[in-house]
1. What tally of residues in segment 101-144 results from selecting those that are polar (S, T, N, Q) and outside any helix (DSSP H, G or I)?
2. Determine whether Val288 is among the hydrophobic types (A, V, I, L, M, F, W, C) and either within 18 Å of the chain's Cα centre (by Cα) or more than 22 Å from Pro361 (Cα to Cα) (or both).
3. Of all the residues that make up segment 488-507, how many are buried (at least 19 other Cβ atoms within 10 Å of the Cβ) and either of a type in the set (S, T, N, Q) or more than 22 Å from Tyr423 (Cα to Cα) (or both)?
4. Please verify whether Gly349 is at pLDDT below 90 and either of a type outside the set (A, V, I, L, M, F, W, C) or in contact with a strand residue (DSSP E or B) (Cβ under 7 Å, 6 or more places away or on another chain) (or both), treating the condition exactly as stated.
5. Quick one: which residue in Phe290, Phe302, Phe335 is farther than 30 Å from Pro566 by Cα and either in contact with a Gly (Cβ under 7 Å, 6 or more places away or on another chain) or not charged (D, E, K, R) (or both)?
6. Check Gly277, Gly310, Gly344 and return the single one that is closer than 30 Å to Leu395 by Cα, among the small types (Gly, Ala, Ser) and touching a residue at least 60 places away in the same chain (Cβ under 8 Å).
7. Helices (runs of 4 or more DSSP H) wholly in segment 487-571 with at least 2 residues that are of a type outside the set (D, E, K, R), within 30 Å of Pro196 (Cβ to Cβ) and touching a helix residue (DSSP H, G or I) at 6+ places or on another chain (Cβ under 9 Å) - which ones?
8. Would you point out the residue of segment 193-240, among those that are in contact with a Ser or Thr (Cβ under 7 Å, 6 or more places away or on another chain) and surrounded by fewer than 23 Cβ atoms within 10 Å (Cβ to Cβ), that is farthest from Asp308 (Cα to Cα)?
Amino acid sequence: MATEHGSETGFETEQEYVETEDGTRRRLAFVDRFPEAARTARICLWIAFAAFGVGALFGLIQALHRTNTLRIIPSADYYTILTGHGVLLALVFTTFGIAGLFHWANTRSLGVSPTNRRLTQGWLWTMTIGTLLAAGTIVAGLFDAIPASADVLYTFYAPLEAHPLFYIGAALLIVGSWGAGFDWFLQYRKWRSQNPDARIPLQSFMVMTTMLMWYLSSAGVAIEVVFFLIPWSLGLISQVDPLLTRTLFWYFGHPVVYFWLLPAYVVWYTVLPKLSGGRLFSDPLARVTFVLFLLLSTPVGFHHQYTDPGIASGYKLVAMTNTMFLLLPSLLTLFTVVASMEHGARQGGARGYLAWLKDLPWERPEFSGVALAGIMFAAGGFSGMINAGMNINYLIHNTIWVPGHFHLTVGTAYALTLMAIAYWLVPQLTGKRLQFRGLAAIQPFVWFVGMVLMSNAMHRGGLAGIPRRTAEPQYDQVTFDAVVGTVGEMRLQIAIGGTLLFLGAMMFLAVMAGTWALGKPNSRLRVNGSIPEPLSGPEESPRVLDNLKLWTAIAIALVLLAYGIPLFDMVADGLLSPGSLPVPA
C-alpha cells in the first residue's frame with residue numbers, strides 16, 4: 001500500500017504523481033521530483049563514463065601491444081598502461097558508477113531526498129580529488145614527470161612501491177565512498193522516522209546491505225594504505241611486511257568483486273523484470289540473496305593466496321569452502337531473474353518451454369545489455385569455481401586465465417549492466433530523450449561478441465600456461481611447444497575482441513554524449529521510470545531479514561573467525577618485519 005513517503009516494497013509511491021489542472025494525475029520524472037539527487041547522480045555517472053573511456057583506450061593499447069598487432073608504446077610503459085586500465089576501470093568507473101546508481105535507487109526507493117547537502121558535496125569532492133591524484137600520478141609516469149609514479153597495477157601491495165600521491169588518492173576514493181554510504185543511511189533514518197513499522201523498500205535494502213559489506217571489507221585496504229603504504233612511500237618507515245600488506249589487500253580484493261556486482265544485481269532484480277514486460281518473481285528471495293552476500297563475501301580472500309607459503313593450508317581450505325558457499329546466492333539470483341523474465345515474456349503472449357526467450361525485447365538496448373551481461377556472468381561463475389578450487393587453482397594461477405575470468409565479471413556483468421541501464425536511467429536523470437538509439441541498439445551485441453572472443457582466448461591461453469601481466473610473454477620450451485600451434489589464433493582473438501570492446505565503449509559514450517548535448521525534453525519519462533510491484537512481496541518473508549544489525553554482527557564474527565588467527569600470526573614478530581620464511585620439512 002503506497003503511503004505519503006513511500007511504499008513497503010519501494011516500487012511505487014504516491015509522491016511520484018501530481019494532479020494537473022484538468023484533474024488528471026500524471027507521473028513526475030525523477031529529475032522533477034528530486035532535482036538535487038538527480039544532479040549528483042548525473043555527476044557521478046559522467047565521471048564514471050570519463051574514466052571508462054580512458055580506461056578502455058588503455059585496454060585497447062594493451063590488447064594490441066601484447067598480441068604484437070600494433071605497438072605504440074615501449075614495453076616498459078606497458079605496466080603503467082596496465083595500472084591505469086585497472087585503476088580507472090576496476091576502481092574509478094565502478095565506484096562512481098555505483099555511487100550514481102545507488103544515489104538514484106536509494107532516493108527513488110525511499111521517496112526521501114538526501115538529508116545533508118554538504119555531506120553529499122563532501123563525499124563527491126573527496127572521491128573526485130582522490131581520482132585526480134591517483135590517475136594523475138599514473139599518467140605522469142608515462143611522461144617520467146615524477147619518479148616512482150605508479151606501476152604497481154591495481155592490486156597495490158608491497159614489495160612494489162608507488163608514489164605517495166597514488167596511495168593518498170586511492171585512500172581518498174575509498175573514504176569518499178564511505179561518506180556516500182553514510183549519506184544513504186541518513187536518508188533511510190529519515191524515512192524510518194516517518195514509516196516506523198514498514199518493511200525496508202527493496203532497493204534501499206539492497207543499497208544498505210551492499211554498503212555494510214563494503215564498510216567491512218574495505219577496512220582492510222584502508223589499513224594497508226594509510227598505516228603501511230603511505231608512510232613507507234614517504235620514507236617514514238623503512239620496510240613493510242609484504243605478506244601482511246598482500247593479505248590486507250586480498251581481504252578487500254575479493255569482496256570488492258561483489259561491491260562491483262551487487263549494483264548489477266540491483267538492476268537485475270528491480271529493473272530487468274520491468275524491461276522484460278513483467279514483475280519481479282520474489283522480493284523475499286532478493287533479500288535473502290543480499291543477506292548471504294553480506295555474510296559470505298569477506299571471509300574468502302585467502303583463495304587469492306593459495307601459493308603464498310606464509311599462510312597455513314587450513315586457512316586456505318576455509319576460504320575455499322566459504323567461496324563455494326557463495327555459489328548459493330548466485331544460483332538464487334539465476335532462478336529469480338530468469339523466472340521474472342519468463343513471466344514478462346508470457347505476459348506478452350509467449351508460449352513454449354524455451355520459445356519465450358525469443359519474444360523478449362532484444363531490440364531494446366536497456367534490456368538486451370542487461371540480459372547479455374547476466375548470460376556472461378553465468379560463464380564467469382563457472383570459471384570462478386576453477387579459481388576457487390585450491391588444487392585446480394595451481395593450474396591457472398597467474399596465467400592469462402585470471403583476467404579472462406574477471407573480464408566476464410566486472411568487465412561485463414557490471415560494465416555492460418551499467419551501460420545498458422544508462423540507456424534507461426540517464427533520460428530520467430537529465431529529462432532528455434536518448435539520442436542515437438539505433439547505435440545504442442547494436443552496442444550491447446558488439447560488446448558481447450568482443451568479450452566472447454577475448455575471454456575465450458584468455459581462458460584457453462591460461463590453460464596452456466600463458467602468463468598474465470607481461471608485456472613480452474616468455475615461455476620455456478615445453479610450454480612453447482604446447483601452445484605454438486594455437487598461440488597465433490589466440491592472439492588474433494584477443495586483438496579482435498579487444499578492438500570490438502573498445503568500439504563498443506566508444507559507441508556507448510557517443511550515445512551518452514549525444515543525449516547530454518543534443519537531447520530534447522522527453523514527456524514519456526512519466527511512464528518509463530515506473531517499476532511494478534513484485535509477484536511475491538516482502539510481507540511473505542520474515543521481518544528478521546530486515547534486521548541489518550543482526551546480519552552485520554554475524555558477518556563481523558565470520559571475518560574474525562577466518563582472519564583473526566592468521567593476522568595475529570603475521571604480526572606476532574612485529575608489524576613491519578618481513579614475512580617469515582616457510583619452515584623446512
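1. The number of residues fulfilling the criteria is 3.
2. Against the criterion (among the hydrophobic types (A, V, I, L, M, F, W, C) and either within 18 Å of the chain's Cα centre (by Cα) or more than 22 Å from Pro361 (Cα to Cα) (or both)), Val288 qualifies.
3. 7
4. yes
5. Answer to the selection: Phe335.
6. Gly310
7. Because the criterion is at least 2 residues that are of a type outside the set (D, E, K, R), within 30 Å of Pro196 (Cβ to Cβ) and touching a helix residue (DSSP H, G or I) at 6+ places or on another chain (Cβ under 9 Å), the helices (runs of 4 or more DSSP H) in segment 487-571 that meet it are 548-571.
8. Out of the qualifying residues, it is Asn195.
The values are calculated or read from the model by the stated rules, or taken from the named source; none is laboratory data. Worth saying up front: this structure is predicted, and the values here are computed from it rather than measured. Counting neighbours? That spans all protein chains shown, and the Cβs are built from the backbone with ideal geometry, glycine included.
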